[in-house]
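The values are calculated or read from the model by the stated rules, or taken from the named source; none is laboratory data. If you're wondering where the values come from, they're calculated on a predicted model, not measured in any experiment. We place every Cβ from the backbone using ideal geometry, glycine too, and count neighbours over all the protein chains shown. Accessible surface areas use protein heavy atoms only, side chains included; no ligands, DNA or RNA. Shrake-Rupley method; radii C 1.70, N 1.55, O 1.52, S 1.80 Å.
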Amino acid sequence: MAAPKGANVGSRNSSTGSKSKESGDGGWFVTLAIAVSLLKCLLLPTYHSTDFEVHRNWLAITHSLPVSKWYYEATSEWTLDYPPFFAWFEHLLAKVAQYVDPEMLKVENLNYASQETVLFQRLSVIITDILFIYAASQCCKCVNGRKDRRDLIQKPAFVLAVLLLWNFGLLIVDHIHFQYNGFLSGIMLLSIARLYQKRVMESAFLFAVLLNFKHIYLYIAPAYGMYMLRSYCFTGNNPDGSVRWRSFSCLRLLSLGLTVCSVFALSFGPFVYLGQLPQVLSRLFPFKRGLCHAYWAPNFWALYNMVDKALSIIGVKLQLLDPATIRTGTMTRGLVQEFEHSVLPSVTPMATLVCTLVSILPSVLRLWRKPQGPTGFLRCLILCALGSFMFGWHVHEKAILLAILPLSILSVTSAKDAGIFLVLATTGHFSLFPLLFTAPELPIKVLLMLIFTVFSVSALRAMFQRERALLSWVETLYLCGLVPLGAFCEVVYPLTSWHQQLPFVPLLLSSGYCALGVTYSWARLYISALSDLPSAKQKKNQ
């Protein structure tokens, strides 16, 4: 029996409204966005790092000097070393900054930080985060949830919105430490969302733009290249899921190539015309900075350095090594410089490149053989990000966000990925603690991370309460170990006499401990990616 016409319309409208709210367009999304923006405003007067001066100097360079001198200017040690689009981004910001405080736009005004300058630069990060908020809303529309879930905390779109908008790492790195990661991550997430929405050309365009804003995203380019070749340029599969070679579309390949090349031509074209391309590339890829950043990223090389240090100490104790040959302190001063290992073979940029390529190759080949739709692409992207983080040259600890943010999307779709996310996000975020080393910021970073972690655990457990436990007892025990480690590094050790003689010990301990969690998450995600078989439904949608 047919339902009454009015009831049918009402039911359809109700269903549409429910779907809209669940996909991130409900009132709760706006509330979350406004609330986190207000929180960012409260962080305006907090400590800022040398990255603040980096970006002030870039404002001055792009405003005061002609384009031909942007990548040659070296009055400050913080020279322009981002791709051209970011330079133009700073140039546009400077157009506004000149009405706030013209003094900030003078190249010779090193370490200039008037109240007006601080306010302007802080607000520029908050305002440009609007793109990140929009991208998060688009990602929320890409996740589906069960219709019988009435509690808001059990809805994937709501949980994902909180995990993205209130991401602890972005809050402290951008709005305390100071950078524009939210803006850049917004372009990345929007590109991912467009792939989920089958708007491949838009996704390719956005990713090309992203590469010309910050070249660190080259690490995830293999995932984009392979997926677009396999699932867009090849339009069909054989019954067994293998590629149908005759389905290759030259037109699609040409359209993709034209889109990407046009973006790069617009970005680098002026510098090619000026004959400055080698100079620009030398700024973008400076291999004189050493294997590890000033704050050790929790990756394979942190563990490698610790083993080398331990072996050198043991060798001296056992009189197997001459103390005069040990390069004391070269790795433990927190300096950005080149160094050589004492016992283990020293690592070259080429060695890290080979290790990185080897680490991402299986995931890229898997994407070719079994694309598994946008979910397979996203898993490959995360593995590329983690592979580069684990084995890359001069990796910044902040680069872990390149994996945590997209993994947030997978975490609301499966219990297995949710468990991996909890380990990676908790250890990755904890490893960012040394970035904020001033006393007033200690309660802020502890409280913000505690809130984010408690929500992540409780929300994801509520979502997957009918499935397997998200964390094993070993994983739970490991994560709980971060509590005494944090207390020792942040509170106890600074009160000891060792703090003056060995100031790098807390960073060494936290980096090494977190490296175990990051390595474990990378291994688990790899095992999951290589062992999971696509369902019949996924094969049909490829």
Six or more apart or on different chains, Cβ under 8 Å: which pairs go from a residue in segment 72-100 that's of a type in the set (Val, Ile, Thr) to one that's assigned to a helix (DSSP H, G or I) and open to solvent by 20 Å² or more (accessible area, probe 1.4 Å)? Could you list them?
Thr79/Arg283; Val96/Phe120; Val100/Glu116; Val100/Leu119; Val100/Phe120
For segment 237-259, state whether one or more residues are outside any loop (DSSP other than H, G, I, E, B), of a type in the set (Val, Ile, Thr), in contact with a helix residue (DSSP H, G or I) (Cβ under 7 Å, 6 or more places away or on another chain) and within 18 Å of Phe85 (Cβ to Cβ).
yes
Out of segment 156-208, which residues are assigned to a loop (DSSP other than H, G, I, E, B) and either open to solvent by 10 Å² or more (accessible area, probe 1.4 Å) or within 30 Å of Ser262 (Cβ to Cβ) (or both)?
Trp166, Gln179, Tyr180, Gln197, Lys198, Arg199
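Per-residue answers, yes or no, for (1) in contact with a strand residue (DSSP E or B) (Cβ under 8 Å, 6 or more places away or on another chain); (2) part of a helix (DSSP H, G or I); (3) open to solvent by less than 10 Å² (accessible area, probe 1.4 Å); (4) free of Cβ contacts under 8 Å to residues at least 24 places away in the same chain:
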| position | (1), (2), (3), (4) |
| --- | --- |
| Met350 | no, yes, no, yes |
| Ile382 | no, yes, yes, no |
| Lys398 | no, yes, no, no |
| Leu402 | no, yes, no, no |
| Ser408 | no, yes, yes, no |
Tell me, which residue of segment 73-89 that is open to solvent by 10 Å² or more (accessible area, probe 1.4 Å) and modelled with pLDDT of 95 or more is farthest from the chain's Cα centre (by Cα)?
Trp88
I'm checking my understanding of the structure. Among residues of segment 99-124 that are open to solvent by less than 60 Å² (accessible area, probe 1.4 Å) and among the polar types (S, T, N, Q), which one is farthest from Leu44 (Cα to Cα)?
Asn109
Just checking, does segment 484-495 include any residue being aliphatic (A, V, I, L, M), farther than 21 Å from Leu432 by Cβ, open to solvent by 50 Å² or more (accessible area, probe 1.4 Å) and in a helix (DSSP H, G or I)?
yes
Members of segment 436-465 that are outside any helix (DSSP H, G or I) and over 22 Å from Val162 (Cα atoms)
Leu436, Phe437, Thr438
Residue set Gly419, Gly428; condition open to solvent by less than 10 Å² (accessible area, probe 1.4 Å), over 21 Å from Ser185 (Cβ atoms) and in contact with an Asp or Glu (Cβ under 9 Å, 6 or more places away or on another chain); output residue Gly419
Out of all the residues in segment 305-348, which are among the hydrophobic types (A, V, I, L, M, F, W, C), surrounded by 15 or more Cβ atoms within 10 Å (Cβ to Cβ), modelled with pLDDT of 80 or more and not in a loop (DSSP other than H, G, I, E, B)?
Met306, Leu311
